[in-house]
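Engineer: There's a structure below that I have some questions on.
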Amino acid sequence: MFNVRTDLAVEAREIYKSKFNREIDGVVIEERKQDDINITKVDVISEDGAVKMGKPMGTYITIDIPEFTHYDGVLMDEVAHVLATSLEEIIRVDYKKTVLIVGLGNWNVTPDSVGPKVVERLMITRHLKTLMPDSIDDSVRPVCAIAPGVLGITGIETGEVIKALVDRIKPSLVICIDALASRKLERVTRTIQIGNTGISPGAGVGNNRMQINEKNLGVPVIAIGVPTVVDAATIANDAMDLVLDDMIKQADKGKEFYDLLKSIDKNEKSKLIKELLNPYLGDLMVTPKEVDIVIDSVSKIIATGINIAIQPNLDMEDINKFLN
């Protein structure tokens, strides 16, 4: 099978279903719709399901962003509230204790900057609880955040930085935001995934690092990710499949050319494309041309959703007072 890169649980499920024409045992799928926003919940409930999915056991919620959301303030707010509701489904910690939010990624590379950009828009309150105890209501949850950069800039594993912070400040929950890789171009910057199994920084582009999860940190970890890139070889493979399918439709059944097209093994073709492109393109990743606009938009959506979810006792007007 063509080894496609995807960090999305819904795509891992689609790839398996396409290959075997059935759902994965040990994986429960729940789909729902809120206005024009599609929400898919994938629960991996067995080790066998985890192996077949290539994902750890846990819950993954995928929110499909409607078209033109990035240019519509009302739609952005709607998606942010859906994100907040989805986060509240899997947050199971004491609201009086500290939350640490980590913006993963490289702020110098636009497709990888969604994490740091989210951190810039968060409602940060932990220090206020200490500096202004009489002015901060008990309903305000202590929140702190960091954008630790990447190994290539700091020379320090991101996981090591986060582990040191967790040991020092002892939060009850860690929320990580990162850029992901998608299997399909139409999902790039159009999907938000929430999971309670942690995250492996750089995995989407083949740079596996120390996993940031409850096992390594000792506290629950929620990961929020947005696919911002897709593998160039995957795009080439999909384009070739479309061409072949169209040629098969137009060819005369039973003729030699038709039989030749039908005999092409798509898995072998995929491997060949990868081998042919690799010397010229390497591990080239593709991102939309309007990436600056959409990364700014999606970071606002995620930050707003997080602010609402972890400050349930405040409304948006109160939250915005802290941000202004």
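Engineer: Filtering the range 125-149 down to residues that are hydrophobic (A, V, I, L, M, F, W, C) and in contact (Cβ under 8 Å) with a residue 60 or more places away in the chain, which residue is surrounded by the fewest Cβ atoms within 10 Å (Cβ to Cβ)?
Structural biologist: Quick first cut of the range 125-149, residues hydrophobic (A, V, I, L, M, F, W, C) only: 128, 131-132, 136, 140, 143-147.
With in contact (Cβ under 8 Å) with a residue 60 or more places away in the chain added as a condition, the list becomes 140, 143.
Details: VAL140: 19, VAL143: 25.
For the range 125-149, the residue satisfying everything is VAL140.
Engineer: Taking the residues in the range 230-255 that are in contact with a strand residue (DSSP E or B) (Cβ under 7 Å, 6 or more places away or on another chain) and buried (at least 24 other Cβ atoms within 10 Å of the Cβ) as candidates, determine which candidate is farthest from ILE295 (Cα to Cα).
Structural biologist: Looking at residues that are in contact with a strand residue (DSSP E or B) (Cβ under 7 Å, 6 or more places away or on another chain) and buried (at least 24 other Cβ atoms within 10 Å of the Cβ), I get ASP231.
Engineer: Over 30 Å from VAL109 (Cα atoms), modelled with pLDDT under 75 and in a helix (DSSP H, G or I), is that true of ASN267?
Structural biologist: yes
Engineer: Going by the conditions given, is THR189 at positive phi, of a type in the set (S, T, N, Q) and in contact (Cβ under 8 Å) with a residue 12 or more places away in the chain? Walk me through how you get there before you give the answer.
Structural biologist: On the way: at positive phi: yes; of a type in the set (S, T, N, Q): yes; in contact (Cβ under 8 Å) with a residue 12 or more places away in the chain: yes.
In short, yes.
Engineer: Give the residues of the range 165-179 that are surrounded by 12 or more Cβ atoms within 10 Å (Cβ to Cβ) and within 21 Å of LYS215 (Cβ to Cβ), sorted by residue number.
Structural biologist: Scanning the range 165-179 gives LEU165, VAL166, ILE169, LYS170, PRO171, SER172, LEU173, VAL174, ILE175, CYS176, ILE177, ASP178.
Engineer: Quick one: in the range 101-116, of everything that is assigned to a helix (DSSP H, G or I) and among the β-branched types (Val, Ile, Thr), which residue is modelled with the lowest pLDDT?
Structural biologist: Of everything passing the filter in the range 101-116, THR110 is modelled with the lowest pLDDT.
Engineer: To continue, here is another question. Residue check: is VAL188 closer than 30 Å to LEU242 by Cα and modelled with pLDDT under 90?
Structural biologist: When the stated conditions are applied, VAL188 passes them.
Engineer: Has the range 56-69 got at least one residue that is among the aliphatic types (A, V, I, L, M) and closer than 29 Å to ARG126 by Cβ? Before you say what the answer is, go through the steps one by one.
Structural biologist: To start, the set of residues in the range 56-69 that are among the aliphatic types (A, V, I, L, M) comprises 57, 61, 63, 65.
Filter once more, keeping what is closer than 29 Å to ARG126 by Cβ: 61, 63.
Yes, some residue in the range 56-69 is among the aliphatic types (A, V, I, L, M) and closer than 29 Å to ARG126 by Cβ.
So that you can scan it fast, the table gives a plain yes or no per residue for (1) modelled with pLDDT of 85 or more; (2) surrounded by 13 or more Cβ atoms within 10 Å (Cβ to Cβ); (3) farther than 30 Å from THR125 by Cα:
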| site | (1), (2), (3) |
| --- | --- |
| PRO279 | no, no, yes |
| VAL294 | yes, yes, no |
| VAL298 | yes, yes, no |
| GLY305 | yes, yes, no |
| ALA309 | yes, yes, no |
| GLU317 | no, no, no |
| LYS321 | no, no, no |
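Engineer: Another question about this same structure. How many residues does the range 109-118 hold that are over 23 Å from THR59 (Cβ atoms) and touching a residue at least 40 places away in the same chain (Cβ under 8 Å)?
Structural biologist: Total satisfying the criteria: 5.
Engineer: Another question, then. Yes or no: ASP252 over 34 Å from the mean Cα position of the chain (by Cα) and outside any strand (DSSP E or B)? If you could, list the steps in order and put the result at the bottom.
Structural biologist: On the way: over 34 Å from the mean Cα position of the chain (by Cα): yes; outside any strand (DSSP E or B): yes.
Yes, satisfied.
Engineer: Quick check: anything in the range 182-204 part of a helix (DSSP H, G or I), within 19 Å of SER299 (Cβ to Cβ) and in contact with an Asp or Glu (Cβ under 7 Å, 6 or more places away or on another chain)? Full working, then the answer.
Structural biologist: Just the residues of the range 182-204 that are part of a helix (DSSP H, G or I), to begin with: 185-187, 203-204.
From the residues that got through so far, the ones that are within 19 Å of SER299 (Cβ to Cβ) too are 187, 204.
Still in the list and also in contact with an Asp or Glu (Cβ under 7 Å, 6 or more places away or on another chain): 204.
Yes: one or more hits.
Engineer: Evaluate the following for LEU165: is it out of contact with any His (no Cβ under 9 Å at 6 or more places or on another chain), closer than 26 Å to LYS289 by Cα and either at pLDDT 85 or above or of a type in the set (Val, Ile, Thr) (or both)?
Structural biologist: no
Engineer: To continue, here is another question. Looking at the range 256-275 only, could you name the residues that are closer than 30 Å to ASP178 by Cα and either surrounded by 14 or more Cβ atoms within 10 Å (Cβ to Cβ) or within 27 Å of the chain's Cα centre (by Cα) (or both)?
Structural biologist: Selection gives SER270, LYS271, ILE273, LYS274.
A quick yes/no check of all residues on (1) of a type in the set (A, V, I, L, M); (2) within 25 Å of the chain's Cα centre (by Cα); (3) closer than 30 Å to ASP231 by Cα:
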residue	(1), (2), (3)
PRO111	no, yes, yes
THR125	no, no, no
LEU131	yes, no, no
SER139	no, no, no
ALA147	yes, yes, yes
VAL150	yes, yes, yes
GLY155	no, yes, yes
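Engineer: Touching a Pro at 6+ places or on another chain (Cβ under 8 Å) and in the same structural domain as ILE61 (by TED's automatic domain parsing), is that true of LEU173?
Structural biologist: yes
The values are calculated or read from the model by the stated rules, or taken from the named source; none is laboratory data. These figures come from a predicted structure and were not determined experimentally. A quick note on method: Cβ atoms are made from the backbone with ideal geometry, for glycine too, and the neighbour counts reach across all protein chains shown.
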